[in-house]
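A short write-up of the structure that comes next.
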Amino acid sequence: MRRKLPIGIENFEEFSTENFYYVDKTLFIKELIQNWGKVNLFTRPRRFGKSLNMSMLKCFFEIEGDLALFEGMGIMQERELCEKYRGKFPVISISLKSVGGLNFKTASAALKNVIGKEAMRFQFLLESERLSEAEKYSYQRLIKIGTTSEAIYDMTDAVLIDSLQTLSQLLEKHYGQKAILLIDEYDVPLDKAFQKGYYDEMVNLIRSLFDNALKTNDSLYFAVLTGCMRISKESIFTGLNNLKVHSISDVRYDEYFGFTNADVDELLEFYGLSSYKDVIRDWYDGYRFGNTDVYCPWDVINYCDELLAAPNTPPKNYWANTSGNDLIRRMLKNANLTTKSEVEELLNGGKISKRIKQELTYREINDSIENVWSVLYATGYLTGMHVEQADADLFQLWIPNGEIRKLFYELVEDWFREVTRSETSRINRFCAAFPAGDTDTIQEMLGDYLWDSISVRDTAVRRNMKENFYHGMLLGLLQNQDNWFVKSNAETGEGYSDISIQTSDRVGIVIELKYADDGKLEKACSEALAQIEEKRYAEGMKRRSMKKIIKYGIAFYEKECMVVMA
């Protein structure tokens, strides 16, 4: 039976027990052991395999784990390492991705539940002959069940702050071996707290929890944390001198999060989808982690799954649709002329140079538009690399692939539509010029809108894609008239006009757009008008008994435009 594609599977055990396809990342374990610090933090964008790798670490190191899960995998070639480390440690593994709420009390309860549920895995401690009655009581306080609907686990705040350290100490006492601590999505509670207004309280709680678990914990062998962002040491890692950070710009571990080119080739060949390699590369490759080019695994797996069901399925935005993308919206809303030109450069396939702050607090993100670039890089909306070795903070940034470029296009269109709709008198004056045949006003105001917006000029972008961008922009402007019937690419006559309008006064308007690659706007307008006649785009208007029909040819070149009426 063919292996299933692991969409959304983050539990390493399921790959074996449920026959899922697995891209072997087990040599991550070898590199971690050879290079580990006491506390290791890996920052990667969402959906790049962080949680699965954490589950893999748990399965490998945990005492009484299923050692057969790793048979046939790369790590098993390291026999001496496996003999020394596999199945030899108590492991505490938690994910903080669900820790949040409308207020601090709810979020704190959610954190207690996460740690309480993990503590419940070790109920054998209640019967351990190596623990004193006082130590067993300490364990009981971690798993005490509450009577309120707000919390399942009823540990006090003091017990919560000590919980991970306490559990480490009890496990070391029972097994005679220090514990490994795995904390997945460590920064999610801070993000949610910032959005809901209880950031300071959550920072204090997480800082206290981490200080005890990671800094003053003699029962800790080592810890691994993952997240999207590296939160400043001044916030939750205060005084933690044993932190070893591995960000997306670091060379170490660069191939263990995401799919490499070889990974994708092997997967596509396995499922008979190798002919789709080019489109998958264009849409889902392009990330740069250290010295390695990386595909987003969430995208590749989802698209392959759809291709197996329907071979003609076009590529879609999978990764981009797993988030609200509010960061880009906020950046566009607050963009000055410089920022607009930088976004334009990125959309047109270019690169921009920026100083990237590797450490930020959530409070600092909105302090400066420059901080937003750092977050866009850390969270996967942009990728990049160091500009020069001598300046570690200076990066070249670019949009990684077709999926993210399409996302940016759509968000820019939404932003432009929102801005124009807020200027009612201006948009009404612009639209009124069309049935009036006022080409001068149309051209002047359309030119102003172009300068206010973000345009597409990249020579690598096909002409029809450029025309589509301007088409969408003009369509959004014209659709502000509630009493107009506006159709895009409507079937009229013998073909499709770009935009057709029927006003409440029974004026029919046919608009054909052209992008002038050579900058010759007048020639492009003439071609547009000729196409209206040749394709008989106005015939549909005549059949609908329009009193008057107006035909426009509109040409664009970068931020220039020309409007000609037949």
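Report for the range 507-566 the percent antiparallel among DSSP-assigned beta bridges with both residues inside it, nearest 5. Close to 40 percent.
Label-to-label distance for residue 527 and residue 559 is 2.4 nm, based on points extended 7 Å past Cα in the beta-carbon direction. Computed with a 1.4 Å probe over protein heavy atoms only, the accessible surface of the chain comes to 44 Å² per residue. Between their Cα atoms, which of 117/173; 520/547; 38/112; 466/535; 58/351; 97/351 are more than 29 Å away from each other? In this structure, 520/547; 58/351; 97/351 exceed 29 Å between Cα atoms. Near residue 387, the amide H atoms lying under 5 Å from its own belong to 394, 395, 396; only residues 5 or more places off or on other chains count, and H is placed 1.01 Å from N. Backbone amide hydrogens, once placed in the peptide plane, bring residue 499 within less than 5 Å of 489, 511, excluding anything fewer than 5 places away on its chain.
With each label modelled as a point 7 angstrom along the Cα→C-beta vector, the residue 241-residue 333 pair spans 4.4 nm.
Here the chain carries DSSP beta bridges of which approximately 50% are antiparallel, counting only pairs with both residues inside.
Computed with every protein chain present, the accessible area of residue 556 is close to 0 Å² [probe 1.4 Å]. The angle between the Cα long axis of helix 199-210 and the main principal axis of the chain comes to about 30°, on a 0 to 90 degree scale. The charge dipole of the chain, taken about its Cα centre with unit charges on the Cβ of Lys, Arg, Asp and Glu (plus for the first two, minus for the last two), comes to roughly 840 debye. Selection among 397, 125, 500 by position relative to the dipole of the chain gives 500 as farthest towards the positive end (Cβ unit charges, Cα centre).
In order along the range 76-88, the phi-based Karplus estimate (6.51 cos²θ - 1.76 cosθ + 1.60, θ = phi - 60°) of 3J(HN,Hα) comes to 6, 6, 8, 5, 5, 5, 4, 5, 7, 10, 6, x, 10 Hz; Gly and Pro are listed as x. For residue 363 and residue 175, the FRET efficiency from 1/(1 + (r/R0)^6), where r spans their Cβ atoms and R0 equals 51 Å, is about 0.80. Peptide packing for 310-318, 497-505 was compared via the average number of neighbouring C-beta atoms within 10 Å per residue; ordered from the highest value, the list is 497-505, 310-318. Apolar share of the accessible surface for the range 342-422: 45 percent from carbon plus sulfur atoms, 1.4 Å probe. Here each label is just a point 7 Å from Cα along the line to Cβ, and for residue 133 and residue 103 those points are 4.0 nm apart.
Using the Kirkwood radius over Cα pairs, work out the Stokes-Einstein diffusion coefficient for the range 506-566 at 4 °C and 1.567 mPa s, in µm²/s as a whole number. D = 109 µm²/s. If you fit an axis through the alpha-carbon atoms of helix 157-175 and take the longest principal axis of the Cα set of the chain, what angle between them do you get, 0 to 90°, nearest 10? Taking the Cα atoms of the chain, the angle to 157-175 is about 50 degrees. Using the Cα gyration tensor of the range 14-69, with a ≥ b ≥ c the square roots of its eigenvalues, what is the shape: rounded (a/c below 1.5), prolate (a/b larger than b/c) or oblate (neither)? Cα axes put the range 14-69 in the oblate bin. Backbone phi angles across the range 475-485, fed through the Karplus curve with coefficients 6.51, -1.76 and 1.60 (θ = phi - 60°), yield HN-Hα couplings of 4, x, 5, 6, 6, 6, 8, 5, 9, 9, 9 Hz in residue order; Gly and Pro are listed as x. Bridging of residue 4 to aspartates and glutamates at a Cα separation below 13 Å is possible for 14, 18, 305, 306, once same-chain residues fewer than 8 apart are set aside.
Applying 0.36 nm per residue to the separation of residue 355 and residue 545 and subtracting their alpha-carbon distance, the gain on full extension is 62.3 nm.
Averaged over residues, the count of other Cβ atoms within 10 Å places the peptides 357-363, 30-36 in the sequence 357-363, 30-36, highest first. Here the range 135-257 exposes an accessible surface that is 45 percent carbon and sulfur, computed with a 1.4 Å probe and the other protein chains kept in place. Applying 1/(1 + (r/R0)^6) with r as the Cβ-Cβ distance of residue 441 and residue 323 and R0 = 45 angstrom yields a FRET efficiency of 0.65. Calculated over the range 1-136, the projected area of the Cα convex hull averaged across directions stands at 11.5 nm².
Computed from Cα atoms, the angle from the helix 261-270 axis to the main principal axis of the chain rounds to 90 degrees.
Normalised by the number of residues in the range 106-252, the average gap of Cα pairs under 8 Å and 6 or more apart makes the relative contact order 21 percent. By accessible area, using a 1.4 Å probe on protein heavy atoms only, the range 281-328 has 43% of its surface on carbon and sulfur. For the range 297-433, rounded, prolate or oblate, judged on the Cα gyration tensor with a ≥ b ≥ c (square roots of eigenvalues), a/c < 1.5 rounded, else prolate if a/b > b/c? It comes out oblate by the Cα gyration axes. Put simply, the amide H of residue 95, placed in the peptide plane, has neighbours under 5 Å in 184, leaving out anything fewer than 5 places away on its chain. Our helix-only sum for the chain, with -39,500 (n - 2.57) per DSSP H run of n ≥ 4 divided by its residues, gives a mean residue ellipticity at 222 nm of -13000 deg cm²/dmol.
The values are calculated or read from the model by the stated rules, or taken from the named source; none is laboratory data. Bear in mind the structure is a predicted one, so any value in this text is a computation, not a measurement. Positions of Cβ are generated from backbone atoms using ideal geometry, with glycine treated the same way; all protein chains shown enter the neighbour counts. Areas reflect the complete protein model, heavy atoms only, side chains present, ligands, DNA and RNA absent. Shrake-Rupley method; radii C 1.70, N 1.55, O 1.52, S 1.80 Å.
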